[in-house]
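Inspection log for the structure reproduced underneath, given as structure tokens.
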Amino acid sequence: MTPVILLAAEKESAEVTDWAARVGWVVGLALFVALVYWLMREGWKWRGTLQGDLPELPTAPDDPGPAKLSLSGRYHGSTTAGQWLDRIVAHGLGTRSRVELTLTDAGLDVVRPGATDFFVPVEALREARLDKGIAGKVLTEGGLLVVTWAHGDRLIDSGFRSDHAAEHNEWVDVINSMIKATTTEGAER
């Protein structure tokens, strides 16, 4: 016999796959992923329950007046003011979405397709600034417009990113000047 035939005769067949063990691992992994997902969902619902004392969100007035500024972009969430990782999920404030912002003399109108719209009256506005992150979303320095506003007895930071980031500086200047004018008028009365 030639050496090639001897080598072929000495080869053993490939090992047979143990399908029962493989299916067991796949099912076990799927159950583990489902459990983790369920726990995350329960945590989100529990956070909403803990924030149940937050009053209903205000809606825009019938005639808010002419628009000073408008912006199209993304809403990245709201947090407790000064605590950029303490996301607020009550009343849909934790839902990321597209956003259309309109600033008028009456306040800030936040229109979110597919999520709850809300309105921030000018009296509730406290500050506008540029930041780099909010509620798990981190961008470059100054890449996020953060508006601080009062709702009930809480101060809330809401983060927005314009489709055109160059607009952020103008928004910060106009909102802060509106806040300054409102507090000056209130002090004179």
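Observations on the model:
- Of the criteria (1) out of contact with any Leu (no Cβ under 9 Å at 6 or more places or on another chain); (2) at pLDDT 90 or above; (3) more than 18 Å from A67 (Cα to Cα), which one L139 fails: (2)
- Among the residues of segment 3-31, those that are open to solvent by less than 100 Å² (accessible area, probe 1.4 Å) and at pLDDT below 80 comprise P3, I5, L6, A8, A9, A14, T17.
- Pairs, first over 20 Å from E170 (Cα atoms) in segment 86-108, second open to solvent by 10 Å² or more (accessible area, probe 1.4 Å) and of a type in the set (F, W, Y), C-beta under 7 Å, six or more apart: V89/W44
- For K180, the test of being among the basic types (K, R), modelled with pLDDT under 90 and out of contact with any strand residue (DSSP E or B) (no Cβ under 8 Å at 6 or more places or on another chain) is passed.
The values are calculated or read from the model by the stated rules, or taken from the named source; none is laboratory data. Remember, predicted model here, so these are calculated numbers, not experimental data. In this analysis, Cβ positions are derived from the backbone assuming ideal geometry, glycine residues included, and neighbour counts consider all displayed protein chains. What goes into the accessible areas is simple: the full protein's heavy atoms, side chains included, and nothing from ligands, DNA or RNA. Shrake-Rupley method; radii C 1.70, N 1.55, O 1.52, S 1.80 Å.
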